[in-house]
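> The structure's right below; bear with me while I get my questions together.
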Amino acid sequence: MTATGKILLLHGGLLCVLFALQFVLPAYHHGNLARIMVLASYAVGYNILFGYTGLLSLGHALFFGAGMYGMGLSIQHLGFSPAPALLAGLIAGVAVSTIIGLLALRTVGVAFMIVTLMFAQAGYLTVLYFVDWTRGDEGFVIQQAQRILWGIDLSDPSNRYFAALLLFSISLLISLWLVRRPFGKTLVAIRENEERVRMLGYDIQAHKLGAVVISGTIAAVSGAVYGLLFGYVGASFTAVPHSILPLLYVLLGGTGTVLGPFVGTVFMFYLIDLSSGITTAHMLIAGVVLVAVTLFAPQGLVGELRRRLWRWLP
């Protein structure tokens, strides 16, 4: 079988398994997996910027929050139905990621990381400031009647699961398609040797801006869908810790691998879930495991599989 055939079989097989799990998982893990797939989509977007382009962002919660609040505020205050509300979240994500990209890409290296962190913190403080609209830290609930999309009640566990699976499938396939196209390969080349790519005549800034916008838009759509599926919009999703999560997911799963964000999200989600059932100091256990994975699998779980066994993994 060719490498392309193996890649399509592996990724298609994963989506088929996720589809089948809907019918066999107990309620607790069924709900967890729906949440994981949305968060994994968020991580997929982050991986395009960090894993493939080599730009370390600490401000992705701003994009996630832009999509979530673009959707949530349009429902809460403008009376939008879910479809145009999701479109509003998408537009908010494109607009915010474009503006942030144009500004942040004037810096490089550590400065880029710090600038994205500052923008994210500014976004969080903005949410807290306009408390009359956003309800600040308290956030607001999207009622069940407001979560019916084209006659489908997204508060129903089965419908919510399939919606999360649809989002993850689209995000995964976009990532897989992108990294196999010339644009994606150019991003990898920029990550490996930016000066050589510049000497070859490529527009570095345009490619980086494209990566920021694509990454931010996927993150924003994930935020919008998360708020709609789980019925809550809150400031905690725009806080700095929520920018660290996709970084951890990608590092654990494997930077620059298509499946890495999903594997890392599953691993981290259940690591915290299981350790919290053992002790209140669950983050200590999570931290020790994270350090161990970093030491013994420096390329992440999927990255190590690619290095040791399956060289064809994208």
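The values are calculated or read from the model by the stated rules, or taken from the named source; none is laboratory data. Everything numeric here is computed off the predicted structure, so don't read it as measured data. Virtual Cβ from ideal backbone geometry, glycine too; neighbours counted across all protein chains shown.
> Looking for whichever is small (Gly, Ala, Ser), surrounded by fewer than 24 Cβ atoms within 10 Å (Cβ to Cβ) and either touching a helix residue (DSSP H, G or I) at 6+ places or on another chain (Cβ under 9 Å) or over 29 Å from Ser243 (Cα atoms) (or both) here; the options are Ala66, Ala43, Ala3. Which one fits?
Exactly one of Ala66, Ala43, Ala3 is small (Gly, Ala, Ser), surrounded by fewer than 24 Cβ atoms within 10 Å (Cβ to Cβ) and either touching a helix residue (DSSP H, G or I) at 6+ places or on another chain (Cβ under 9 Å) or over 29 Å from Ser243 (Cα atoms) (or both), namely Ala3.
> When segment 229-243 is examined, which residues are found to be aliphatic (A, V, I, L, M), assigned to a helix (DSSP H, G or I) and modelled with pLDDT of 90 or more?
Result: Leu229, Ala235.
> For segment 247-306: of the residues being farther than 21 Å from Asn47 by Cα and of a type in the set (S, T, N, Q), which is surrounded by the most Cβ atoms within 10 Å (Cβ to Cβ)?
Here the residue is Ser275.
> Can you run down the residue pairs with Cβ atoms below 8 Å, 6 or more apart or on separate chains, where the first is in segment 221-246 and touching a residue at least 24 places away in the same chain (Cβ under 8 Å) and the partner is acidic (Asp, Glu)?
Gly234/Asp137; Gly234/Glu138; Ala235/Asp137; Ser236/Asp137
> Which members of segment 1-26 meet the condition of being part of a helix (DSSP H, G or I), touching a residue at least 12 places away in the same chain (Cβ under 8 Å) and closer than 23 Å to Ser222 by Cβ?
Within segment 1-26, Leu10, His11, Leu14, Leu15, Leu18, Phe19, Leu21 meet the criteria.
> Tell me, which helices (runs of 4 or more DSSP H) wholly within segment 37-146 include 1 or more residues that are free of Cβ contacts under 8 Å to residues at least 60 places away in the same chain and closer than 30 Å to Pro314 by Cα?
82-104, 110-129
> Here's a check for you: in segment 131-158, which residue that is of a type in the set (A, V, I, L, M) and within 16 Å of Pro82 (Cβ to Cβ) is modelled with the lowest pLDDT?
Ala145
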